[in-house]
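To start, the structure under review is shown below, and the notes come after it.
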Amino acid sequence: MTQTPELAKGLVKPARGWVPWVVSMALIGVTVFVLYELGRVWWCEGGRPFLWAGDVWTMHNSQHLVDPYSFSHVLHGVVFAGLFYWIKPLRKQSLGWRFPLAVLIEAAWEIFENTPLIINRYREATMALGYTGDSIGNSLGDMGSCLLGFVFASCVRWYWSVSLYLVTELVMLYMIRDNLTLNVLMLVWPIDAVREWQSLGM
């Protein structure tokens, strides 16, 4: 099997053993249990079985396996990979052991995101006026998207990760008037002018 330049240079150590993957699956299982206990539905209650829901302004947003915001979660993984690289003790760990750490962080966010505190914050401060939380299926899709981005960014040179980040942010901005940067900004420090501009996309 041909190695990536980073693997060949030892920047990413190959995963060894099955323990990290068992830990990752256990974390995902715990996340599903907690989300269920929080009252999250398994799937969209709108009656559509489709895996993809593309309109962020309808009740189907954040209720199917993947939607436009899945691309933001890919960028979560890219950011995690970058942070883990710059934190020296983590850089020395194999990709196998960095993987469950990425799972843990993304799982913690999925749980926190579906608490009344954050749901209400999204409804009050962002373009997600009708947001009621994610379905469990959507949360699993978000976690999968994050891990896809994490593995990609862990196995390529940094400029490919930066390119993916910038292109994804620009495409999302054009397509749905929202992206990871604006999402974080509006959640932490809402700006009325931005929210009004986003609402024009309805």
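The values are calculated or read from the model by the stated rules, or taken from the named source; none is laboratory data. Just so we're clear, the structure is a prediction, and the values are computed from it rather than from any experiment. Positions of Cβ are generated from backbone atoms using ideal geometry, with glycine treated the same way; all protein chains shown enter the neighbour counts.
Would the range 110-124 turn up any residue that is at pLDDT 95 or above, buried (at least 18 other Cβ atoms within 10 Å of the Cβ), of a type in the set (Ser, Thr, Tyr) and under 20 Å from residue 59 (Cα atoms)?
no
Considering each residue of the range 119-160, count those that are of a type in the set (Val, Ile, Thr) and within 21 Å of residue 184 (Cα to Cα), and give that number.
Of the residues in that region, 3 qualify.
Look through 99, 84 and report the one residue that is surrounded by 14 or more Cβ atoms within 10 Å (Cβ to Cβ) and in contact with a Leu (Cβ under 6 Å, 6 or more places away or on another chain).
Result of the check over 99, 84: 84.
Out of everything in the range 26-51 that is outside any loop (DSSP other than H, G, I, E, B), touching a residue at least 60 places away in the same chain (Cβ under 8 Å) and of a type outside the set (Val, Ile, Thr), what residue ends up being surrounded by the fewest Cβ atoms within 10 Å (Cβ to Cβ)?
Among those residues, the one meeting the criterion is 36.
Residue 162: closer than 27 Å to residue 50 by Cβ and without any contact (Cβ under 8 Å) to a residue 24 or more places away in the chain, yes or no?
No.
Kindly indicate which of 103, 162 is among the β-branched types (Val, Ile, Thr) and within 30 Å of residue 22 (Cβ to Cβ).
103
Filter the range 145-202 for residues that are more than 21 Å from residue 62 (Cα to Cα), at pLDDT 95 or above, among the β-branched types (Val, Ile, Thr) and part of a helix (DSSP H, G or I) and give the result.
Those that are more than 21 Å from residue 62 (Cα to Cα), at pLDDT 95 or above, among the β-branched types (Val, Ile, Thr) and part of a helix (DSSP H, G or I): 151, 162, 167.
If you check residue 113 against the conditions, is it acidic (Asp, Glu), free of Cβ contacts under 8 Å to residues at least 40 places away in the same chain and under 29 Å from residue 41 (Cβ atoms)?
For residue 113, the condition - acidic (Asp, Glu), free of Cβ contacts under 8 Å to residues at least 40 places away in the same chain and under 29 Å from residue 41 (Cβ atoms) - is met.
Within the range 55-71, identify whether any single residue is at pLDDT 95 or above, part of a helix (DSSP H, G or I), in contact with a Pro (Cβ under 6 Å, 6 or more places away or on another chain) and not small (Gly, Ala, Ser), and answer yes or no.
Within the range 55-71, not a single residue is at pLDDT 95 or above, part of a helix (DSSP H, G or I), in contact with a Pro (Cβ under 6 Å, 6 or more places away or on another chain) and not small (Gly, Ala, Ser).
Please count how many residues of the range 165-197 are without any contact (Cβ under 8 Å) to a residue 12 or more places away in the chain and under 20 Å from residue 152 (Cα atoms).
3
Taking the options 143, 127, name whichever one is surrounded by 18 or more Cβ atoms within 10 Å (Cβ to Cβ), touching a helix residue (DSSP H, G or I) at 6+ places or on another chain (Cβ under 9 Å) and either more than 25 Å from residue 18 (Cβ to Cβ) or among the small types (Gly, Ala, Ser) (or both).
Result of the check over 143, 127: 127.
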